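So the structure is just underneath, and the comments pick up after that.
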Amino acid sequence: MRSSTLRRHLGLKHEFQYRQWCKANDFTSMIPKDVKIRKNAAEAAAASQTIIDDHAVPLPRKERVIPYSDELFQQAAIEWLIETDQPISALEHPRFREMIGIAACATNGVKIPNCKATRQSIIALFKKNLYDLWTQFAVSNFCCYMVLSAY
């Protein structure tokens, strides 16, 4: 409370000397009149600024493609082995090599499916294999029946 009374007193009785002192000492005047003038000037500047909200739209997020190098690939493969607790021989597995070969042909990076999509793909593949197996047995049973009924 005391500082506000002092500022008011400086503004009323010693305004000229206080402003000279502020100018000489590179100090911002805290007289209530000066504070109000600065606040109004800031508001006017903010109001006169053009708004670009309608024109500024976020750019679509594009994943950064890391340039390939043998050292970087080896480091990533080793970290993958360690973090997923894979055996070292996983890097020599034919399916892993096939997957890397397919990814190597990509020109704009590789989109890796999330867990939900991967799970759905695995279930669909399982159902397809089960159906193929069922149809194969159905055909085999029919053939066996035809062969046996011929005798």
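The values are calculated or read from the model by the stated rules, or taken from the named source; none is laboratory data. Here the structure is a predicted model, which means the values were calculated and not measured. We place every Cβ from the backbone using ideal geometry, glycine too, and count neighbours over all the protein chains shown.
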Residue check: is I122 part of a helix (DSSP H, G or I), at pLDDT 90 or above and surrounded by 10 or more Cβ atoms within 10 Å (Cβ to Cβ)?
yes
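What about I112, is it β-branched (V, I, T), exposed (fewer than 11 other Cβ atoms within 10 Å of the Cβ) and in a helix (DSSP H, G or I)?
When the stated conditions are applied, I112 does not pass them.
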Quick check: anything in the stretch 72-86 of a type outside the set (G, A, S) and on the phi > 0 side of the Ramachandran plot?
yes
Restricting attention to helices (runs of 4 or more DSSP H) lying wholly within the stretch 1-105, give those where 2 or more residues are surrounded by 10 or more Cβ atoms within 10 Å (Cβ to Cβ), at pLDDT 85 or above and not acidic (D, E).
15-24, 32-48, 70-83, 94-104
